[in-house]
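Take a look at the structure set out below.
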Amino acid sequence: MKSIDLTQNCALHGLNFLPKNKRTFDEFSCLVKLKAAGTKQPLFLVHPVTCTIFCYMDLARYLVNEHPFIAIQDPLLEDKPTILANIEDMARYYIQAIKAVQNDGHYLIGGYSFGSNVAFEMARQLEQQGEIVSLFIIDGWVRYSKHVRGDEERLDLMKVIEKINDKLPNLVQNKNKFLKLQKKRVEMSFQYNPQRLKTKIVLLKAKETWPRYAPSNCTTNCWQDYTEVPIESHMIAGNHISIMSGEGPKQIAEVLNSYLLQLDKV
C-alpha cells in the first residue's frame, strides 16, 4: 500500500496529512491531521490494531476545542515500512514523530484499543524524559483476552478491511498481507509488559462488555494497578467495537472537550 495513495484518498474524505515543508515531516508520514483548527498543543491519538486511523474520523467532527487533532497511523502501511518489533519500539518511534510537531510542554496522548497500549508506553517514556503527559484510553485494556487471538478475531479484522475498502475503494489491495500486519500488532499487545507510571489516566470505557473481553473485565480495564493516581473514568455508549460509531464518538468528544477546556484554564 503506497502512502501517497492513502494521502490522496484521505484528502478526498476531508483529511489532511501534515504539510511536508520540513524534513521531519518527510520522515514521519505516520502523522495525519484530522482537525487543523486550534492554537494550543495538539491531541495525538494512536491507531488501533487495524493500523489505520479511520476510526477517528467521526470523533474529529465533534472536537470543538482549541487543540489540533493529529492521528498516528501505522508505518507498516508504507511501501518501505519502518520495522517496529514491539510496543516499546513503536512508542519510541511515535514520540520522535510527535516531537517533530511539539518539541516540549504538556503532551496530550491517547488511543483506542491497541492504540491505548502504545499511548501508555509513550506516556511512560515521556515521563522518563521529564515531560508532563495526559493520557486518554479509549476502551483499551492492560491485558486482552486470549480469545482475541482466535478465528473470530480474524473474521473481525477481515470485516474491518471490507469496511475500509467500502469507504476507500481498492485501498487494501492485498488483504492477506494486511491481515498479517494486523495479526503482528495483536501479538505485540500480548508480549507487552507495562510499567507503572505517574501520569493521570482518563479512561473512556464501553458500557457494554464484549463477550470475548468478559474474562478480563474490571471497572478500570485493570489500568488502576499501573498508575499512582486515581483513574478518571467515563462510560461510553456501545461495546469495544461499536464505541467508535453511533453515539460513541460524540460522547468521547464531550469528555475530551471538557477536559481540554479545563486544562486551558490552568
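Any read-out appearing in this document is the output of simple, stated calculations on the displayed coordinates, not a laboratory observation. All values reported here derive from a predicted model rather than from experimental measurement. Neighbour counts are summed over all protein chains in view; Cβ atoms, including those assigned to glycine, are modelled from backbone coordinates with ideal geometry.
Some observations on this one:
- Spatially, the stretch 37-90 and the stretch 101-131 are offset by 12 Å when compared through their Cα centroids.
- Cut-off 13 Å (backbone N to label point 7 Å along Cα→Cβ of residue 104), residues of the stretch 110-131: 129-131
- FRET efficiency estimate (nearest 0.05) - Cβ-Cβ, residue 222 to residue 127, R0 22 angstrom: 0.65
- A crude spin-label estimate for the pair residue 235 and residue 195, with each label 7 Å from Cα along the Cβ direction, gives 3.6 nm.
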